[in-house]
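K.L.:
First, the structure itself, so that you have it in front of you.
Please treat every number below as a calculation from the coordinates, not as lab data. As the structure is a prediction and not an experimental result, all values here were calculated from the model. Every residue, glycine among them, receives a Cβ derived from its backbone with ideal geometry; neighbour counts consider all protein chains shown.
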Amino acid sequence: MRRFYSQVKEASYTRLCSTKNILTVNGQFPGPTIYAQTGDTIIVDVQNKGNQNITIHWHGVKMPRYPWSDGPEYITQCPIKPGGNFSQKIVLSDEEGTLWWHAHSEWSRATVHGAIIIYPKNGTTYPFLKPQAEVPLILGEWWKSDIQEVMEEFMENGGDPNNSDAFLINGQPGDLYSCSRPDTFKLTVEYGKIYLLRMINTVMNNILFFSVANHQITVVGTDGSYTKPLKTSYIAISPGQTIDFLLEANQKPNHYYMAARAYNSAPAVPFDTTTTTAIIQYEGNYRPSSPPPLPQLPAFNDTSAFTSFAGSLRSLASKDHPVNVPLKISTNLFFTLSINTLPCASNNTCEGPGGNRLSASVNNITLQTTPIDILEAYYRQINGIYGTDFPEFPPLAFNYTAASLPVELRTPRRATEVRMIQYNSMVELVFQGTNLVAGVDHPMHLHGYSFYVVGWGIGNFDKDKDPKNYNLVDPPLQNTFAVPKNGWAAIRFKADNPERKKDISYLTNLSGESEKLHIFNANLDEPDNFNGAIEGCIGVFHLAHPVDLTRKESKKIVTKIVAEGTIGILKDSLNSKTVKSVFNKHVFHK
């Protein structure tokens, strides 16, 4: 078992000629890298010394039978309040490659994030030549304004968030921005050697194009899974996605820029048009060109470049890394992804169409937040927190990608709904983008599972024709991908991770609100250390040993908290008898 200490705290950082405080882990930006091996169990002791609630999510970790520490705020757990502590258990299974961790509370992940590098088990090796060195490449972004203020502003006005002022490579904007050249990230390479670069897109909303001047690169993995080697001159990487690639230092010794900038398929949607750079510098005695050569990135709106790269990824499909695509489907789901509008608060005008506020939906449902986390409500059998009638198909079928759609279709239903599916079901889920309000790419992430992307296309999904073209031989195994603008994507997975929720993290740049769908499917392991309703949901409800409480007892206590809106304070290690006594003596107080 490996153990790490993470202290969430503010730290002062200077970028783009100005200094501000940002939320960090251990004072580092990007945060510290977690190193592990396939199958490890990791304990991360999180201490929140910041000024806001926080949770940490382990992006791409399946957490088999143990969702308690997965991190989504109000879903698997309530946030850790300022001054609070929480030990999170991370259970690795078959993941191998690059994943990442990040805050899962509001917009904190803009600065609270870092890499997770998972090495092969002892006695096994990479399915490619051993690299000379391995280097994390974290693509991020920077606002001159305070992140919390950026979020609060667009949540209040109901419009788009302000664009970032810079993109970053390993925390630095690069030479093309003011006051940034001295700190540009540099990677020193030796001619003839091969390097493994582990790239993560931590940007809030944007798909990014990435390239290295004068070099071909070879993609060998994505989202903690190996791929067939893919030689390419550029990469298109979605928010939340990871891509591992090999760089062979085979060019004339010099300095070469690597660069990244946004891909944007929606001309009506504003975005950061700047370009971030870092430098590949060869060892040796030579006079480098000034400035270094820049790579030729695809155009901002080059949809064919995006779809060509995404469509070229293939699973390795080897003896040691086989493909297990579900072939006999028992559960079919069809989810529309839309930008919507909701009425603005009374007597106010918002910045969305018609003076409304922008929202997002899945099957016309947008998330209604809950007073306690959904997983606790499920486990403790507490009624009234969520419903179970999330639709398998859209409530209303229409021409989803038509150029013009009726205004009345724009308003979603606000609710907290889950979808129950049978354990071990073979699931096919088709995501369909719509042109409501504005067609955009929809980055999607599935918690608790990796899935096979078996097909995708532009336009409306045709259930009779499109499945005939599915790749059921070697589709890429991913946990994050982008549904193309006004298009569709089909994924398949086996629902064999008990009690995991499908958390569709809707990362759309038009959305002031996000929609998360949760799918429960079986029993789960008992938590080792359970923070129930930590203050920030409804109160403090800290049980170090929750198994001391029966489900009936805990249901009674939490139901009372929910009903009365009280704040429950339970000290560590209380047994059920003490809890009853505390409860009867009204330690729960307003």
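K.L.:
Quick one, can you get me the convex hull of the C-alpha atoms of the stretch 125-319 expressed as volume per residue in Å³? The partial results should precede the final answer.
P.N.:
Working: hull volume 25.1 nm³, N = 195.
Output value, Cα hull per residue: 129 Å³.
K.L.:
Would you mind ranking 204, 1, 444 by Cβ crowding within 10 Å, fewest neighbours first? Don't skip to the answer; put the middle values down first.
P.N.:
Working: 204 21, 1 7, 444 27.
Fewest to most other Cβ atoms nearby, the residues stand as 1, 204, 444.
K.L.:
Using only the Cα atoms of the stretch 187-302, build the gyration tensor, take square roots of its eigenvalues as a ≥ b ≥ c, and label the shape rounded, prolate or oblate: rounded if a/c is under 1.5, else prolate if a/b is larger than b/c, else oblate.
P.N.:
Taking the square roots of the gyration eigenvalues as a ≥ b ≥ c, the stretch 187-302 is oblate.
K.L.:
List the pair-distance distribution P(r) of the stretch 331-519, using every Cα-Cα distance, as the percent of pairs falling in each 5 Å bin from 0 up to the bin containing the longest distance, rounded to whole percents.
P.N.:
Percent of pairs per bin, in order: 1, 8, 16, 20, 20, 16, 10, 6, 2, 1, 0, 0.
K.L.:
OK, next. Take the alpha carbon gyration tensor of the stretch 233-354, find the square roots of its eigenvalues, order them as a ≥ b ≥ c, and report rounded if a/c is under 1.5; if not, report prolate when a/b exceeds b/c, else oblate.
P.N.:
oblate
K.L.:
Next question. Convert each backbone phi in the stretch 196-201 into a coupling constant with the Karplus relation 6.51 cos²θ - 1.76 cosθ + 1.60 (shift: θ = phi - 60°), then list the ³J(HN,Hα) values in order as whole Hz, x for Gly and Pro.
P.N.:
9, 9, 10, 9, 10, 9
K.L.:
Another one. If you average the sequence gap of Cα pairs under 8 Å that are 6 or more apart and divide by the length of the stretch 370-491, what percent do you get for the contact order?
P.N.:
Dividing the mean separation by the residue count of the stretch 370-491 yields 29 percent.
K.L.:
In vacuo Debye scattering of the stretch 1-122, one point per C-alpha: log10 I(q)/I(0) at q = 0.12, 0.16, 0.19 Å⁻¹?
P.N.:
Debye output, listed in q order: -0.42, -0.72, -0.98.
K.L.:
Right, something else. At most 14 other Cβ atoms within 10 Å and a DSSP loop assignment: could you name the chymotrypsin sites (Phe, Trp or Tyr not before Pro) in the stretch 68-172 that fit?
P.N.:
Counting only loop positions with at most 14 other Cβ atoms within 10 Å, none of the chymotrypsin sites (Phe, Trp or Tyr not before Pro) in the stretch 68-172 qualifies.
K.L.:
For the stretch 52-73 and the stretch 340-408, what is the separation of their C-alpha centers, rounded to whole Å?
P.N.:
23 Å
K.L.:
Relative contact order for the stretch 1-122 using alpha-carbon pairs under 8 Å, separation at least 6, rounded to a whole percent?
P.N.:
Rounded, it is 31 percent for the stretch 1-122.
K.L.:
Sticking with this one: For a paramagnetic label modelled at 7 Å from the Cα of residue 424 toward its Cβ, which residues of the stretch 464-495 fall within the zone defined by backbone nitrogen distances under 13 Å?
P.N.:
Once the point is set 7 Å along Cα→Cβ of residue 424, 495 turn out to lie under 13 Å by backbone N, inside the stretch 464-495.
K.L.:
Mind jotting down the distance between the C-alpha centroids of the stretch 170-188 and the stretch 478-492, whole Å?
P.N.:
Rounded to whole Å, the Cα centres lie 33 Å apart.
K.L.:
Which chymotrypsin sites (Phe, Trp or Tyr not before Pro) in the stretch 398-465 pass both tests, a DSSP loop state and at most 15 other beta-carbon atoms within 10 Å? Present the calculation step by step, with values, prior to reporting the outcome.
P.N.:
Details: sites: 398, 400, 423, 431, 449, 451, 452, 456, 461; in loops: 398, 400, 423, 449, 461.
Those that pass, being in a loop and sparsely packed, are 398, 423.
K.L.:
Here is the link list: 49/121; 9/121; 130/319; 9/144; 231/465; 144/252. Which ones come out longer than 29 Å on Cα distance?
P.N.:
In this structure, 49/121; 9/121; 231/465; 144/252 lie more than 29 Å apart at Cα.
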